[in-house]
Amino acid sequence: MESVISKRLRIFPAVLIAGSRQCGKSTLAKMLAQGMDDFIYLDLQHMADVNKLTEPALFFEANSDSVICLDEIQAVPHLFSALRSEIDRNRRPGRFMLLGSASQELIQRSSESLAGRIGIVELSPFSIDEVTRHHAGADLHVYWNRGGYPESLLAGDDESSSLWREDFIKTYVQRDIPQLGFQIPALQIRRFMTLCAHLSGQLLNTSKMGESLGITHTTVRRYIDLLEQTFLIRTLPPFESNEKKRLIKSPKLYVRDTGILHQLLQIRDYNSLLGNPVFGASWESLAVENICSVFSDCRFSFYRSAAGDELDLIMQKADTTIAIECKASVAPQVAKGFWRATEFVKPQKSFVVAPVKGSYPIDEKVEVCGLNELLTKLSALI
């Protein structure tokens, strides 16, 4: 990720690093600062730093040779117009590094006000390959149970990790949502997030979700958009085909981080997860999020026909198509619907990703492998 951001800093006057709260944006920015001669960091949730930008044009001009990092940029949205004027005055690459817990408004403001002037990078919590790369011998079960947020993953024990995640959720519903301008009761949004956790890995049905909570389907859609723009959930679109075949048209819903998923469902440790009905959906959520975040430049979808033929994830980039099926078993078996689906989609390669070590073929074009091995193999194919 450091190389991706550094490359954009060499091209664009401003780079926006967007991601959920506590995923490591500030830490990453400060790591990048170590290789810079003149770096100024301002946290826009601290009034002392905000006051320095009372006259932003004067501040930017006085520090025109520095890299200026503005953290929590969404907290001071009027700065985007000032940034545009300053960048048009001096388009030197890498002048500004913007960090934000992205909302739809934030992305729109940055892309419209700074069109052609800004590169956007999405930062996710740790992926499994990052964990194993920096921590040799890292336990997949710990990562799966606690999720990828640094403070949760690196906690001393499961109880400490759970306490951190509970605080994260409370802060999100009680402070972050209102700060983004949404007046939604904290209890209601918490209940909605819990419902999303129960439905993770399933088709999105806004009408049924609305009935469960006593709200309209349009309100459900608004909540879904909010949680998606703040990186709590991911919706996966269905596979599109020109052939006349009855395909499911509803998207699938995922809670992006399995640690947050388990906290919402009160699953405290890996042993509790093993006996929970959400076990298979949790593994699918883990696999899908890792693949989508690591290979963010690909197009993703899922395949499901009216007859029940299904592929959990389809990756497409240029002329390459790869199909992936998720199985939470150390001895995964695929059903006939998998083979019919691959026959229809015609991927160059298919994988069955399971909590196993190593990999082995089950067909000429189908291979079973663990999640870390899968990411390595996909890197060579995409």
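The values are calculated or read from the model by the stated rules, or taken from the named source; none is laboratory data. Because the structure is a prediction, the values reported are computed rather than measured. In this analysis, Cβ positions are derived from the backbone assuming ideal geometry, glycine residues included, and neighbour counts consider all displayed protein chains. Just so you know, the surface numbers come from the protein's heavy atoms only, side chains and all, with ligands and any DNA or RNA stripped out. Shrake-Rupley method; radii C 1.70, N 1.55, O 1.52, S 1.80 Å.
Only one of the values [x] 215; [y] 157; [z] 146 was calculated from this structure for volume of the Cα convex hull per residue in Å³; name its label. Computed from these coordinates, volume of the Cα convex hull per residue in Å³ corresponds to label [y]. Surface analysis of the range 1-141 yields an accessible area of 48 Å² per residue, using protein heavy atoms and a 1.4 Å probe. From the Cα gyration tensor of the range 1-127, with a ≥ b ≥ c the square roots of its eigenvalues, which class applies: rounded if a/c is under 1.5, or else prolate if a/b is larger than b/c, or else oblate? Judged from the Cα gyration tensor, the range 1-127 comes out rounded (a/c under 1.5). Each principal axis of the Cα cloud of the range 231-289 was evaluated for its coordinate range; sorted largest first, these ranges are 46, 25, 15 Å. Packing-based ranking of 297-305, 223-231 yields 223-231, 297-305, ordered from highest to lowest mean Cβ neighbour count within 10 Å.
Per residue, the accessible area of the range 211-252 comes to 62 Å² when a 1.4 Å probe rolls over the protein heavy atoms. Taking the accessible area of the chain, probe 1.4 Å, and keeping the other protein chains in place, the carbon and sulfur fraction comes to 49%. Both the radius of gyration and Dmax for the range 237-382 are 15.1, 46 Å, in that order, over alpha-carbon atoms. Shape analysis of the range 119-175 places it in the oblate category; the axes a ≥ b ≥ c from the Cα gyration tensor give an a/c of at least 1.5, with a/b not above b/c.
With Cα atoms defining each centre, the range 280-333 and the range 122-144 are spaced 19 Å apart in the structure. Only helices enter the 222 nm calculation for the chain: every DSSP H run of n ≥ 4 contributes -39,500 (n - 2.57), and dividing by all residues gives -12500 deg cm²/dmol, rounded to 500. The residues of the range 290-360 expose, per residue, 45 Å² of accessible area to a 1.4 Å probe. Students often get this wrong, so check it: of Lys208/Lys317; Lys208/Lys365; Lys7/Lys249; Lys170/Lys208; Lys30/Lys349; Lys25/Lys252, which have C-alpha atoms separated by over 32 Å? Pairs exceeding the cut-off: Lys208/Lys317; Lys208/Lys365; Lys7/Lys249; Lys30/Lys349. Between the amide H of Gly148 and those of Thr258, Gly259, distances stay under 5 Å, these residues lying 5 or more places away or on another chain, with hydrogens modeled in the peptide plane.
Rounded, prolate or oblate: pick one for the range 310-353, where a ≥ b ≥ c are the square roots of the eigenvalues of its C-alpha gyration tensor, a/c under 1.5 means rounded, and failing that, prolate if a/b is larger than b/c, else oblate. Oblate, since a/c reaches 1.5 and b/c is not below a/b.
Around the Cα centre of the chain, unit charges on the Cβ atoms of Lys, Arg, Asp and Glu (plus for the first two, minus for the last two) sum to a dipole of about 1040 debye. Three principal axis extents of the range 133-254 based on alpha-carbon atoms, in descending order, are 51, 39, 23 Å. Amide H to amide H, with H built 1.01 Å from N, Phe351 comes under 5 Å of Ala323, Ile324, Glu325, Glu367, counting only residues 5 or more places away or on other chains. Our coupling estimate for the range 34-51, obtained by passing each phi through the Karplus curve with A = 6.51, B = -1.76, C = 1.60 and θ = phi - 60°, is 5, x, 10, 6, 9, 10, 10, 10, 10, 9, 7, 9, 10, 4, 4, 6, 4, 5 Hz, Gly and Pro reported as x. Placing pseudo-labels 7 Å out from each Cα toward the beta carbon at Leu213 and Glu122 gives an inter-label distance of 2.1 nm. Put simply, the range 264-326 fits an ellipsoid with semi-axes of 27, 16, 8 Å; these come from the alpha carbon gyration tensor as the roots of five times its eigenvalues, largest first.
Only aspartates and glutamates eight or more places from Lys52 in sequence, or on another chain, were considered; those with a Cα closer than 20 Å are Asp38, Asp43, Glu61, Asp65, Asp71, Glu72, Glu86. Residues whose amide H falls under 5 Å from that of Ile120, counting only those 5 or more places apart or on a different chain, are Leu16, with hydrogens built in the peptide plane. 3J(HN,Hα) along the range 149-160, derived from phi through the Karplus expression 6.51 cos²θ - 1.76 cosθ + 1.60 where θ = phi - 60°, amounts to 5, x, 5, 6, 5, 8, 4, x, 7, 5, 5, 5 Hz, with x in place of Gly and Pro. For the range 320-336, putting each phi into the Karplus relation 6.51 cos²θ - 1.76 cosθ + 1.60 with θ = phi - 60° gives couplings of 9, 10, 10, 9, 9, 10, 9, 9, 7, 8, 7, 10, x, 10, 10, 8, 4 Hz, in residue order, rounded to whole numbers and with x for Gly and Pro.
Between Asp297 and Asn51, the FRET efficiency from the beta-carbon distance, with R0 = 41 Å, is close to 0.55. Counted residue by residue at 0.36 nm each, then reduced by the alpha carbon distance between them, the extension gain from Gln34 to Gln333 reaches 102.8 nm.
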